[in-house]
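Working notes, beginning with the structure itself.
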Amino acid sequence: MLDLRRFPSVGASLQAAIDRWPDEVCLIEADRERENHRLTYRQFEGLALPLASALQEMGMPEAFRAAIIMTNQSKWLVSAYAVFYAGGILIPLDYKLTGREHVELLTHSRTRVLIIEYHLWRQLRQSEGFDRLALPLVLVTETPAGADLLGAQRWEECRRPEAPRFVARRRTDTACIVYSSGTGGRPKGCMMTHDNYLEQCRSLTALYPFWPGVRYLSILPTNHAIDFMVGFFGPFICGAAVVHLRTLRPEFVRDAFPRYQITYVSLVPMVLKNLERGLCTRFAGLPPFKRSLLGALTAMNRSLTRRRPWLGLSRLLLRDVHRAFGGKLRAIFVGGAFTEPSTLQFFYDLGIPVANGYGLTEAGTAVTLNDFRPFRADTVGRPLPGMEVRISDPDGEGIGEVLVRSKTVMAGYLDDAELTAETIVDGWVRTGDLGRLDAMGHLQLFGRKKNMIVTEGGKNIYPEDIENVFDSLAVKEFCVFARNYLWPQKGLGREELVLVLHPDAGKTVDAELLEEVRRRNRRLPDFKRIRSYLPWSSDFPRTASMKIKRPDLARLITEGAGEDGLRPLAD
Amino acid sequence: MKTLEQVIEEVLQLASRHCKVSREDLSADDDFFQKLGIDSLQALDLLTRLENHFHIELPDYEMQGVSDFRRLAERIQVRL
């Protein structure tokens, strides 16, 4: 792998990787059982540089901002390299957001160049607020033949043959603006520097190395921080290859492992759980003798790998299981949300280590990661090299807020000095997560103290962001909280949202009001729905500009009402 | 060539059978995630069944942002 200490920027290190491994395969894109294409590092460069050249010829200023809204595919990476090459700042946006949310983040980030798939472009064009966007250049991919481009250009045709000029960036310059959440009022655009990425990549690849021949299966979209790091930057600076699968259908995901001899893959807990269920069903369908044998071999493997993984032995003992995964799988990365220890143990017992970790965009993609020395299902691993983790104001059990200091900590939130100052105090990121460091240096998480929940799919949900669904509700005022923010729970995986209702004078929370709340609640996707409500009878504390003082209201609620005052909002 | 209304009807019938929800409770403009109570992985399973029924292929990435039966049926119809 490249020695990243020598490079000033992400773009410069990618350029060096291309020079170092020109004939190695870097990208394979597959759609179901078909292979769309396979690119070497030289061919990858051959696609990216004409695009970089076109961007420069169009007079994009240095440090122009370019957003990518794409599903999981190789053009994402080609576009990203072209942007870095031309000196731009990348804004990776989640393609699953609504058109209105995209408009909001494109406005907030002051994006000038948008690279987007056609069907998403069509959706964006129809979204409220689109007309106010200033987008001098929009490039679309996946455009059907003869389709109206709606003012955009075809990505495939945006290229100039002249060699582009490589625009040097410094380590302290912003490489990406990553939205850690935040639509509906206060977008949180984390300004990630080149130094952040270079240092994160160094620490991650020290623990989980890539090399030419390694194949990483990319299922998560590349806008996801984990995939950006281990499904793009990490493999590329080591000469490895990334396999993009353009479908998430379980049958094709399963087939991709043996077909492409996958070495690593990243999953969110929900997909990992689904994989576990699928395997359990298959095991349950085995004849009794084979099932008993599998149980015995699994127990033997568990015993023999108690201290550390022994991949060769596991592959021998549980040959059929490993063959189904292609026989080359070294680890599954999982993160972004809470993973049940039983799931981690299930895979480890089969000889498939699941590297669960802990990270947040603001502090680093991965702050801690399981190193399997030995395997621990009950922790999120030890801090990676270069990461300092400490517990603030620990209670009698050693549990307190997790603070992180590292070169991977973001420069700050875009255009929000106040929020930055609240989040990074004396160089330490206040994560809002409750944790404890044990005697072996492993971090154990116990819940969240901030007003936020994280879904199984790894999405951060801020209660403020979903309040607009309840706009003009027939009450005096209302407020949404994460339950754990009001009553911190020392437990994970039971996160939910609470609606506090203050009825108009002389009124109560009656059946009619509740029916209206339920009706509106059904408009939200399941993972964003309110689970319980709390009737409240006094005025909410507010600022001079009439915004609810959430921390003050939360304190009044926890002092004035017990958790048993909560009522379920069942349908 | 089937009309959009015919495709919608077949989609609703298949969804009703597959997710064990009464056909009468489903209408073209319903959000299928909410009405059928399914998550994104279960929706992919439903798509596979629709593909088999109509003998077409629906790329996952084109389904982004599609959450009601009518738009789903439109995407199917252009492929018939």
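No lab work stands behind these numbers, since they all come straight from the coordinates. What you see is a predicted model; the values in this text were computed from it and never measured. So basically every Cβ, Gly included, is an ideal-geometry build from the backbone, and we count neighbours across all protein chains shown.
Restrict the search to the stretch A:522-571; then list the trypsin sites (Lys or Arg not before Pro) that DSSP places in a loop and that have at most 15 other Cβ atoms within 10 Å of their Cβ.
A:Arg522, A:Arg523, A:Lys547, A:Lys549
Write down the percent of antiparallel bridges among all DSSP beta bridges whose residues are both part of the protein assembly as shown, to the nearest 5.
Percent antiparallel among DSSP bridges in the protein assembly as shown is about 55.
Determine the distance separating the Cα centre of the stretch A:253-267 from the Cα centre of the stretch A:107-159; give it in Å without decimals.
Computed from Cα coordinates, the inter-centre distance equals 32 Å.
Can you list the trypsin sites (Lys or Arg not before Pro) in the stretch A:167-224 that are in a DSSP coil and have 11 or fewer other beta carbons within 10 angstrom? Each step should come with its number before you reach the end.
Values: sites: A:Arg169, A:Arg170, A:Arg171, A:Lys188, A:Arg202, A:Arg215; in loops: A:Arg169, A:Arg170, A:Arg171.
Those that pass, being in a loop and sparsely packed, are A:Arg170.
Quick one: in the stretch A:268-448, what % of C-alpha pairs are over 22 Å apart?
Details: 8451 of 16290 pairs.
Of the Cα pairs, 52 percent sit more than 22 Å apart.
Treat each spin label as a single point 7 Å out from the Cα along the C-beta direction, and report the A:Arg319 to A:Leu514 distance in nm.
6.1 nm
If you bin the C-alpha pair distances of the stretch A:202-328 every 10 Å from 0, what whole percents do you get?
11, 36, 37, 14, 2
Starting with the fewest neighbours, write out B:Leu4, A:Leu124 ranked by other beta-carbon atoms found within 10 Å of each beta-carbon.
Least crowded to most crowded, the residues run B:Leu4, A:Leu124.
Ignoring everything except DSSP H segments at least 4 long, calculate the 222 nm mean residue ellipticity for chain A; use -39,500 (n - 2.57) per segment, divide by total residues, nearest 500.
Result for chain A, helices only: -9500 deg cm²/dmol.
So if we plug the beta-carbon distance of A:Asp539 and A:Ala417 into 1/(1 + (r/R0)^6) with R0 = 45 Å, what FRET efficiency do we get, rounded to 0.05?
0.90
Shape of the stretch A:462-568 from its Cα gyration tensor (a ≥ b ≥ c, root eigenvalues): rounded if a/c is under 1.5, otherwise prolate when a/b > b/c, or oblate?
Here the stretch A:462-568 falls in the rounded category.
Taking chain B as a Gaussian network, where each spring joins two C-alpha atoms under 10 Å apart, which residue of B:Gln13, B:Gln42, B:Gln64 fluctuates the most?
B:Gln64
For A:Lys75, list the lysines whose Cα falls under 23 Å from its own Cα; do not include residues on the same chain fewer than 8 positions away.
A:Lys96
Could you give log10 I(q)/I(0) at q = 0.05, 0.07, 0.08 Å⁻¹ for chain A, computed by the Debye formula over C-alpha point scatterers of equal weight, without solvent?
The Cα Debye sum returns log10 ratios of -0.22, -0.44, -0.58.
Taking other Cβ within 10 Å of each residue's Cβ, how do A:Val517, A:Val509 sort, fewest first?
Numbers: A:Val517 22, A:Val509 18.
Least crowded to most crowded, the residues run A:Val509, A:Val517.
Test of understanding: ordering A:Cys26, A:Cys479 by Cβ neighbours within 10 Å, fewest first, what list do you get?
Fewest-to-most Cβ neighbours within 10 Å comes out as A:Cys479, A:Cys26.
Any chance you could check the Cα centroid distance between the stretch A:57-94 and the stretch A:290-353 for me, in angstrom?
First find each Cα centre; the distance between them is then 39 Å.
Starting from the Cα of A:Asp94, step 7 Å toward the Cβ, then list every residue of the stretch B:20-47 with an amide N under 17 Å from that point.
Within reach of a label on A:Asp94, which here means backbone N under 17 Å from a point 7 Å along Cα→Cβ, the stretch B:20-47 contributes B:39-41.
Going through the stretch A:110-184, which GluC sites (Glu not before Pro) have at most 12 other Cβ atoms within 10 Å and a DSSP loop state?
Taking the stretch A:110-184 and a limit of 12 other Cβ atoms within 10 Å, the loop GluC sites (Glu not before Pro) found are A:Glu128, A:Glu162.
Can you figure out the FRET efficiency of A:Leu556 with A:Leu304, using R₀ = 51 Å and their beta-carbon distance, to the nearest 0.05?
0.35
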